[in-house]
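To start, the structure under review is shown below, and the notes come after it.
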Amino acid sequence: MKSILPLSIGAAASGLLYREHELRSRAERLSAATLETLLNAIDANDAQTGAHVRRVATYALILGKAADLDERTLRSIERVALFHDIGKLHGALSDIFHEQTKLSPEERRAVMTHPQRGAEVLAPLSAFYPDLGKGVAAHHERWDGSGYPRGLKGKRIPLVSRVVAIADSFDAITFRRRYSHARSFAEATRAINAGRGTQFDPELVDLFLTRPVQVRIGKALREANMPRKKRGANRRRGEIQSAPDITFRWQPRSLERHSQDRQS
């Protein structure tokens, strides 16, 4: 009897651990599915914003990898890039972002609430992605402390937000917005350089301006500007990368490739 009891306790403990692991895995899958739903909501609300966040994710990953950041940080950068503008889905801001004219001072003040609104939307996922809401809230902070919403300065701004801020600004300059015209790659590069030490982390700007990063960013920009059919042909020839540790693929995919992935 004495020898059986420890075995029974051990079996019960193993069962509890297994059960806890299963519950955790299910919760993680649910949180990943939630991210997928949110990204779909961004697309459904505004396809232009959906395309924008994907481009920002691409540029941010190029810069993050060039900085030799670890895989965990790269995953965080990718998520923050994909969801940095989710606060724009708020009803009070939707009409403003669909205006064709320049923003009034009142509208600009309303727009400045979107980082914090985004963080609030993502707050329920903080147990699984603790850096996500913080990173989204800080993507409009500036290196010199003049940004918003908290006026964070220098390295008090999360690293992931500093990376995304450069990628976000680059895309805002190179793609046409409702209230601004697209400018060239060279103009965007000069604008990023002009923000060195004021708007952006100077070390990250220096890295962004290096030849290898410029080449990769330029290639990504050209691919983003390709007609959709040609872009699809290129994707079929190359590998499509998934967003790390979440279940959905955020880059557009062909139906043919999607079918092959499901069968494998």
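Modelled with pLDDT of 85 or more, part of a helix (DSSP H, G or I) and surrounded by fewer than 21 Cβ atoms within 10 Å (Cβ to Cβ): which single residue out of 74, 38 fits that description?
Just one listed residue meets the conditions, 74.
Mind checking which residues of segment 128-145 are part of a loop (DSSP other than H, G, I, E, B) and without any contact (Cβ under 8 Å) to a residue 40 or more places away in the chain?
138, 140, 141, 145
Filtering segment 216-229 down to residues that are surrounded by 11 or more Cβ atoms within 10 Å (Cβ to Cβ) and farther than 13 Å from residue 58 by Cα, which residue is modelled with the highest pLDDT?
225
Limited to segment 120-148, what total is found for residues that are touching a Pro at 6+ places or on another chain (Cβ under 6 Å) and farther than 27 Å from residue 28 by Cα?
1
Considering only segment 175-204, state which residues are of a type in the set (Ser, Thr, Tyr) and modelled with pLDDT under 95.
179, 180, 184
Quick test for you: out of 208, 170, 200, 185, pick the one residue that is without any contact (Cβ under 8 Å) to a residue 40 or more places away in the chain and either within 20 Å of residue 74 (Cα to Cα) or surrounded by 14 or more Cβ atoms within 10 Å (Cβ to Cβ) (or both).
After ruling out the rest, the residue left standing is 185.
Tell me which residues, restricted to segment 124-153, are of a type in the set (A, V, I, L, M) and at pLDDT below 95.
125, 127
Looking only at residues in segment 16-31 that are out of contact with any Phe, Trp or Tyr (no Cβ under 7 Å at 6 or more places or on another chain) and under 13 Å from residue 124 (Cα atoms), which one is modelled with the lowest pLDDT?
27
Checking the structure you have, find out if any residue of segment 149-170 is more than 24 Å from residue 109 (Cα to Cα) and either touching a Phe, Trp or Tyr at 6+ places or on another chain (Cβ under 6 Å) or of a type in the set (Asp, Glu) (or both).
no
Since residue 116 meets every condition but one in (1) of a type in the set (S, T, N, Q); (2) in a helix (DSSP H, G or I); (3) closer than 22 Å to residue 63 by Cβ, which condition does it not meet?
(3)
Filter segment 146-160 down to residues that are assigned to a loop (DSSP other than H, G, I, E, B) and among the hydrophobic types (A, V, I, L, M, F, W, C) and give me whichever is surrounded by the most Cβ atoms within 10 Å (Cβ to Cβ).
Result: 157.
Filter segment 41-64 for residues that are of a type outside the set (Phe, Trp, Tyr), modelled with pLDDT of 85 or more and in contact with an Asp or Glu (Cβ under 9 Å, 6 or more places away or on another chain) and give the result.
49, 50, 51, 52, 53, 55, 56, 57, 58, 60, 61, 64
What single numbered condition from (1) surrounded by fewer than 18 Cβ atoms within 10 Å (Cβ to Cβ); (2) at pLDDT below 80 fails to hold for residue 97?
Going through the list (1) surrounded by fewer than 18 Cβ atoms within 10 Å (Cβ to Cβ); (2) at pLDDT below 80, residue 97 breaks only (1).
The values are calculated or read from the model by the stated rules, or taken from the named source; none is laboratory data. The structure displayed is predicted, hence computed values, not measured ones. Backbone-built Cβ (ideal geometry, glycine too); neighbour counts: all protein chains shown.
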